[in-house]
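Inspection log for the structure reproduced underneath, given as structure tokens.
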Amino acid sequence: MKFYNTLTRKKELFKPVKKGQVGMYTCGPTVYDFAHIGNFRSYVFDDLLRRWLKYRNFKVNQVMNITDIDDKTIKGSIKEGISLKEYTKKYEKAFFEDLDTLNIERAEVYPEATKHVKGMVELVQKLVDNGHTYESKGTIYFRISSFKDYGKLARIKVEDLKAGARVCQDEYEKENASDFALWKAWDENDGDVFWETNIGKGRPGWHIECSAMSMKYLGETFDIHTGGVDLIFPHHTNEICQAEGATGKKFVNYWLHNEHLIVEGKKMSKSLGNFYTLRDILEKGYKPMAIRYELLVTHYRQKLNFSFKSLKAAENSIGRLQDLIIKLKSANGKTTAVKKLIENTQNKFEDAMDDDLNISIALASLFDFVRDTNKLLLEGKISKKNAKDVLDFLKKIDSVLGIIDFEEQDVPKEVQELAEKREQARKNKNFAEADKLRDEITKKDYIIEDTNQGPRLKKK
Ligand code: AMP
Ligand code: ZN
């Protein structure tokens, strides 16, 4: 199994620290608002990764932090005049609901930053003891020139940076790489958000939480760290020097970063205002699994151009899978040697996924399989036993993809017949009759959709 490691800019054979186990850390949401589908592209990628590791029999221990304290959450809570906890709770709850909607498996641990401040203070203290910091007006900064390899992940050189420049805000651009705040002294912008600690009265910077919480749950050196490419700098760059500056050990072996979901060439983001939340899209009537498929279908290291047109195409692809499931349930044809077909598909799927999660090739092999099976069904060459083998295989594949509903009910016979009559009426250009039949279908709680592959029945 190979993954592209941002640290080395190479595809590397995956070897975990402990045989058969994977420690994986994912930068989770900042719960200051509803997450948008760009964010969910990241989390669907993480989900695909963890599902693939599990498919390959690794025991996965995934930790995803919840950032419930930073510049944005504090600002939001003060604006609404409620406590930080009250403010973030609402968005945290929404986040977990959205994960479920998208069939994203739960990580093993979701540590909240506000519950781990003690560990962060201890980590800052270690960095102070190791001579990596300095203080200015109660704020403790990491001195990046004190860390030999600062910027190795993002490939920026410390010599190019302005010595002594420093930033206090959590997010900043590459051009501003400079000493950054580990611990921020309290000021009036923080309202009543502060901790009294042995390193002063204040609150942690954003970056320190991930170093502290990942090492707490996964150890000082662990296997995989993920996040969107925007996190390579400064966030992950800073995570590395905070962790390695304290322990002197390698922090993470494999860094995997997903590219962005973009809209008309631009990263979907809150600040640009070009975003849809998951809820916005569900309200437009799109099915969760179509959205999941759309977020999954492009290889994680390529930009994903989001459009409603491609979401429609995603719906069609899901429809093809669901159609097949329904047909297989009533298959009763002659016996064919489908085992070979299954084996070939499985090999192609597995090879593709082992190659840095090459989902495009994996899905292409799946849809070739769907086409071939449909053909056999049409020719009456799928027996009950064949159908069971195919369904079992699809279940195995879907433990990785998480897009198929195996429980979807067959369309009742009378609805199927109405649909066929309507198709006939349409062919005869008897549109009044076709509309009447469509209404009858609707009354029976089904809708009929005309797709490129012909009409398709769906439960309302
Ligand atoms: P945030 O809540 O802004 O810290 O972002 C949470 C995660 O979503 C991070 O891993 C980001 O890199 C990722 N992310 C933000 N915007 C996008 C986008 N347009 N496409 C893909 N991932 C994104
Ligand atoms: Zn992080």
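Cβ contacts < 8 Å: first residue within 22 Å of Lys266 (Cα to Cα), restricted to region 224-239; second residue within 10 Å of ligand 1 (Cβ to nearest atom) and among the aromatic types (Phe, Trp, Tyr), any location; separation 6+ or different chain. Result?
Note: pairs meeting the criteria are Thr226/Phe45; His235/Trp206.
Considering each of Asn374, Asn347, Asn332, Asn358 in turn, give the residue that is open to solvent by 30 Å² or more (accessible area, probe 1.4 Å) and touching a His at 6+ places or on another chain (Cβ under 7 Å).
Values: Asn374 fails: touching a His at 6+ places or on another chain (Cβ under 7 Å); Asn347 fails: touching a His at 6+ places or on another chain (Cβ under 7 Å); Asn332 fails: touching a His at 6+ places or on another chain (Cβ under 7 Å).
Going through Asn374, Asn347, Asn332, Asn358 in turn, just one is open to solvent by 30 Å² or more (accessible area, probe 1.4 Å) and touching a His at 6+ places or on another chain (Cβ under 7 Å): Asn358.
Where residues in region 250-273 are among the basic types (Lys, Arg) and under 14 Å from Phe40 (Cα atoms), which of them is nearest to ligand 1 (Cβ to nearest atom)?
So in region 250-273, the residues among the basic types (Lys, Arg) come out as 250, 266-267, 270.
Restricting the remaining residues to those that are under 14 Å from Phe40 (Cα atoms) gives 267, 270.
Numbers: Lys267: 5, Lys270: 7 Å.
My answer is Lys267.
Out of all the residues in region 233-244, is one or more in contact with a helix residue (DSSP H, G or I) (Cβ under 6 Å, 6 or more places away or on another chain), away from ligand 1 (no atom under 12 Å from the Cβ) and over 17 Å from Ile144 (Cα atoms)?
For region 233-244, residues in contact with a helix residue (DSSP H, G or I) (Cβ under 6 Å, 6 or more places away or on another chain), away from ligand 1 (no atom under 12 Å from the Cβ) and over 17 Å from Ile144 (Cα atoms): absent.
Suppose the filter is within 16 Å of ligand 2 (Cβ to nearest atom) and closer than 22 Å to Asp68 by Cβ; does Glu188 pass it? Even if it seems obvious, please write down each step before you answer.
Details: within 16 Å of ligand 2 (Cβ to nearest atom): no; closer than 22 Å to Asp68 by Cβ: yes.
It is false that Glu188 is within 16 Å of ligand 2 (Cβ to nearest atom) and closer than 22 Å to Asp68 by Cβ.
Can you spot a residue in region 439-459 that is free of Cβ contacts under 8 Å to residues at least 24 places away in the same chain, aliphatic (A, V, I, L, M), at negative phi and touching a strand residue (DSSP E or B) at 6+ places or on another chain (Cβ under 9 Å)?
yes
Of all strands (runs of 3 or more DSSP E) completely enclosed by region 192-298, which ones contain at least 2 residues that are open to solvent by less than 30 Å² (accessible area, probe 1.4 Å) and either at pLDDT below 95 or within 16 Å of ligand 2 (Cβ to nearest atom) (or both)?
Working: elements: 195-197, 200-204, 222-228, 252-258, 261-263.
Output list reads 222-228, 252-258.
Conditions: (1) open to solvent by less than 50 Å² (accessible area, probe 1.4 Å); (2) away from ligand 1 (no atom under 14 Å from the Cβ). Leu13 meets all but one. Number of the miss?
The failed condition is (1).
For region 172-229, name all the residues that are more than 16 Å from ligand 1 (Cβ to nearest atom), aliphatic (A, V, I, L, M) and either within 14 Å of Met120 (Cα to Cα) or over 28 Å from the mean Cα position of the chain (by Cα) (or both).
Within region 172-229, Ala181, Leu182, Ala185, Val193, Ile199, Ala212, Met215 meet the criteria.
Within region 28-38, is even one residue away from ligand 2 (no atom under 16 Å from the Cβ), under 21 Å from Lys348 (Cβ atoms) and not hydrophobic (A, V, I, L, M, F, W, C)?
Looking only at region 28-38, we keep the residues that are away from ligand 2 (no atom under 16 Å from the Cβ), and these are 33-34, 36-38.
Next, from what is left, pick out any that are under 21 Å from Lys348 (Cβ atoms): none.
Checked against the condition, which is being away from ligand 2 (no atom under 16 Å from the Cβ), under 21 Å from Lys348 (Cβ atoms) and not hydrophobic (A, V, I, L, M, F, W, C), region 28-38 yields no hits at all.
Take the conditions away from ligand 1 (no atom under 16 Å from the Cβ), open to solvent by less than 10 Å² (accessible area, probe 1.4 Å), within 22 Å of Glu259 (Cβ to Cβ) and in a helix (DSSP H, G or I) and apply them to Leu49. Does it pass? Spell out the reasoning first.
Details: away from ligand 1 (no atom under 16 Å from the Cβ): no; open to solvent by less than 10 Å² (accessible area, probe 1.4 Å): yes; within 22 Å of Glu259 (Cβ to Cβ): yes; in a helix (DSSP H, G or I): yes.
So Leu49 fails the test.
Here is a check on your reading of the model: is Asn57 more than 23 Å from Gly273 (Cα to Cα), modelled with pLDDT of 95 or more and surrounded by 22 or more Cβ atoms within 10 Å (Cβ to Cβ)? I'd like the intermediate steps shown before the answer.
Details: more than 23 Å from Gly273 (Cα to Cα): yes; modelled with pLDDT of 95 or more: yes; surrounded by 22 or more Cβ atoms within 10 Å (Cβ to Cβ): no.
Here the answer is no, as Asn57 does not meet what is asked.
Look at Asp389 and say whether it is in contact (Cβ under 8 Å) with a residue 12 or more places away in the chain, under 20 Å from the mean Cα position of the chain (by Cα), open to solvent by 10 Å² or more (accessible area, probe 1.4 Å) and in the same structural domain as Leu324 (by TED's automatic domain parsing). Give the steps one after another, and end with the answer.
Numbers: in contact (Cβ under 8 Å) with a residue 12 or more places away in the chain: yes; under 20 Å from the mean Cα position of the chain (by Cα): no; open to solvent by 10 Å² or more (accessible area, probe 1.4 Å): yes; in the same structural domain as Leu324 (by TED's automatic domain parsing): yes.
Taking the combined requirement at face value, the residue does not satisfy it.
Pick from region 136-155 the residues that are loosely packed, with under 14 Cβ neighbours inside 10 Å and among the basic types (Lys, Arg): which of them is nearest to Phe233 (Cα to Cα)?
Only one residue tops the list, namely Arg155.
Within the set of pairs 6 or more residues apart or between chains, which connect a residue that is closer than 30 Å to Glu86 by Cβ inside region 14-32 to a residue that is in a loop (DSSP other than H, G, I, E, B) and charged (D, E, K, R) with Cβ atoms less than 6 Å apart?
Cβ pairs passing all conditions: Thr30/Asp70; Val31/Asp68.
Quick one: which residue in Thr67, Thr73 is under 18 Å from Asp187 (Cα atoms), within 16 Å of ligand 2 (Cβ to nearest atom), open to solvent by less than 10 Å² (accessible area, probe 1.4 Å) and polar (S, T, N, Q)?
Working: Thr67 fails: under 18 Å from Asp187 (Cα atoms).
Going through Thr67, Thr73 in turn, just one is under 18 Å from Asp187 (Cα atoms), within 16 Å of ligand 2 (Cβ to nearest atom), open to solvent by less than 10 Å² (accessible area, probe 1.4 Å) and polar (S, T, N, Q): Thr73.
Out of Tyr25, Tyr32, Tyr43, I need the residue that is in a helix (DSSP H, G or I) and crowded, with 19+ Cβ neighbours inside 10 Å. Which one? Let's see the steps before the verdict.
On the way: Tyr25 fails: in a helix (DSSP H, G or I); Tyr32 fails: in a helix (DSSP H, G or I).
None of the others qualify; the one that does is Tyr43.
Residue-by-condition table, conditions (1) farther than 18 Å from Cys210 by Cα; (2) within 16 Å of ligand 1 (Cβ to nearest atom):
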{"site": "Phe3", "(1), (2)": "yes, no"}
{"site": "Leu7", "(1), (2)": "no, no"}
{"site": "Tyr55", "(1), (2)": "yes, no"}
{"site": "Thr67", "(1), (2)": "no, yes"}
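The values are calculated or read from the model by the stated rules, or taken from the named source; none is laboratory data. A quick note: this is a predicted structure, and the numbers were derived from the prediction, not measured. Don't worry about glycine lacking a Cβ; one is built from the backbone with ideal geometry, like all the others, and counts go over all protein chains shown. Heavy atoms of the whole protein, side chains included, go into the accessibility calculation; ligands, DNA and RNA do not. Shrake-Rupley method; radii C 1.70, N 1.55, O 1.52, S 1.80 Å.
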